[in-house]
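Have a look at the structure below before the remarks.
The values are calculated or read from the model by the stated rules, or taken from the named source; none is laboratory data. In this text, all values refer to a predicted model and were calculated from it rather than measured experimentally. Cβ placement follows ideal geometry from the backbone for every residue including glycine, while neighbour counts extend to all protein chains displayed.
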Amino acid sequence: MSDSKFPTNPDHDGTRETDLSVDIPDSKLFRFTKFVNIEDLGAEEKVIHSKHLKALQEGKELYKDPTTGYDVLTRLAHLRRGECCGNACRHCPYGHQKVPKNIPRKRFNSAFYVPV
């Protein structure tokens with residue numbers, strides 16, 4: 001895949017302003033895929049992984065959770081933010097570094113974080 005440039009929302013996280021698109025090279029955006037162990041994912045987790053990949057390939061910052069219908073931030077949205085927001089997000093590329101201790105821990109299933 002070639003490097004991509006997608007537009008970003010200037011008030012994306014409410015704490016910073018961006019006038020230009022944030023470039024996230026495909027090599028960084030899709031780096032996690034080489035560590036995904038598809039065989040270890042359950043059926044629902046495979047659907048989520050597939051929806052997330054499709055959203056990334058389309059340059060989207062959100063996709064709909066197939067079970068709840070809620071919007072879920074993609075890895076692209078998190079990389080554009082530049083740091084962990086502390087909300088224990090499903091596709092956090094920062095290892096949940098800023099998640100407070102009082103928020104329940106999640107397990108990384110090789111593709112994304114899931115409730116324990």
T68, sole failed condition from (1) hydroxyl-bearing (S, T, Y); (2) buried (at least 16 other Cβ atoms within 10 Å of the Cβ); (3) part of a loop (DSSP other than H, G, I, E, B) = (2)
key: Subset of the range 1-55 [modelled with pLDDT of 70 or more, among the charged types (D, E, K, R) and more than 26 Å from N109 (Cβ to Cβ)]   = D23
query = Any idea which residue in the range 17-38 is surrounded by the most Cβ atoms within 10 Å (Cβ to Cβ), counting only those that are part of a helix (DSSP H, G or I) and of a type in the set (A, V, I, L, M)?
reply = L29
ask   = Do you know which residues across the range 106-116 are assigned to a loop (DSSP other than H, G, I, E, B) and surrounded by fewer than 18 Cβ atoms within 10 Å (Cβ to Cβ)?
value = N109, S110, V116
query = Of the residues that make up the range 83-105, is at least one crowded, with 16+ Cβ neighbours inside 10 Å and among the polar types (S, T, N, Q)?
reply = no
request  = Hey, could you check the range 19-51 for residues that are within 20 Å of T67 (Cα to Cα) and among the hydrophobic types (A, V, I, L, M, F, W, C) and say which is nearest to the chain's Cα centre (by Cα)?
outcome  = I48
ask   = Across the range 71-83, what is the number of residues that are farther than 17 Å from S27 by Cα and assigned to a helix (DSSP H, G or I)?
value = 1
note = Within the range 39-56, restricting to residues that are in contact (Cβ under 8 Å) with a residue 24 or more places away in the chain and either out of contact with any helix residue (DSSP H, G or I) (no Cβ under 9 Å at 6 or more places or on another chain) or part of a helix (DSSP H, G or I) (or both), the one that is surrounded by the fewest Cβ atoms within 10 Å (Cβ to Cβ) is D40
key: Unmet criterion (only one of (1) modelled with pLDDT of 95 or more; (2) in contact with a strand residue (DSSP E or B) (Cβ under 7 Å, 6 or more places away or on another chain); (3) closer than 18 Å to T33 by Cα) for G59   = (1)
